[in-house]
1. Can you check what the net charge comes to around E142, using other residues whose Cβ is under 13 Å from the Cβ of E142 (Lys, Arg +1; Asp, Glu -1)?
2. Using only the alpha carbons, work out the radius of gyration and Dmax of the chain in angstrom.
3. Using the alpha-carbon centroid of each, what span in Å lies between the range 81-151 and the range 1-19?
4. Return the lysines within reach of K146: Cα separation strictly under 19 angstrom, same-chain partners fewer than 8 residues apart disregarded; answer none if there are no such residues.
5. Can you give the helix-only mean residue ellipticity at 222 nm for the chain, where every DSSP H stretch with n ≥ 4 adds -39500 (n - 2.57) and the sum goes over all residues, rounded to the nearest 500 deg cm²/dmol?
6. Quick one: angle between helix 69-79 and the longest Cα principal axis of the chain, in degrees between 0 and 90, rounded to 10, please.
7. Between E87 and E114, how many nm apart are label points set 7 Å from Cα along the C-beta direction?
8. Net charge near L122, counting Lys/Arg +1 and Asp/Glu -1 over other residues with Cβ under 11 Å of its Cβ?
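Read the figures in this text as sums done on the coordinates, not as results from a lab. Quick caveat: nothing in here was measured; it's all calculated off a predicted structure. Cβ coordinates were reconstructed from backbone atoms using ideal geometry, including for glycine residues, and neighbour counts include every protein chain displayed.
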Amino acid sequence: MKWIADAMLGDLARYLVILGEDAAYWRDCSNQALIDKALIENRIVITRNRNLEHTDVCVVVCFKQETSVWDKLEYLKNNFSLVFSPEKLFTRCLLCNVAVTPFLPGQRPYDIPERIFNTFQLYNCPVCGKIFWRGGHVLRTEAMLKSHGLL
Ligand SMILES: [Zn+2]
């Protein structure tokens, strides 16, 4: 399942990507451009824009402004049978929304501390080249998502 969040739902798009979902974030303000992108890439639109609520050319999920990001995630999880799991956390690049790939052992990149290089499996984004590892932020995010009943 693929998503596209409009400019008002950047926080939701970010958490979906953290949870391993393919969620594009659409900053363009044009409704038609958003719908066109959703159709071309077969994405479900998530929006707060009431004008898109009754669009019938693609699936649109319209949230009320006051709905928290946790409740939005729970709604998507329950209504689209999403499976969130700790193993899927941070498996996509937060900048590029593409799956990260294992960084093959070899020379330590100059900007990665030796302790990190020797302790963690490194991953990198095939688009932007950024390097990631499953450090403390993964455990903290996992605990926070569990506290909201999402994992
Ligand atoms: Zn990237």
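1. Numbers: positive: K88, R134, R140, K146; negative: E87.
Summing Lys/Arg as +1 and Asp/Glu as -1 gives +3.
2. Computed over the Cα atoms of the chain, radius of gyration and Dmax are 17.1, 54 Å.
3. Rounded to whole Å, the Cα centres lie 18 Å apart.
4. Counting by Cα, and skipping residues close in sequence, K146 has these lysines nearby: K72, K77, K88.
5. Values: 5 runs with 48 residues, N = 151.
The helix contribution divided over the chain gives -9000 deg cm²/dmol.
6. Value to nearest ten degrees: 80.
7. Each label point lies 7 Å from its Cα, and together they span 3.4 nm.
8. Working: positive: R108, K130, R134; negative: none.
Neighbour charge sum, excluding L122 itself: +3.
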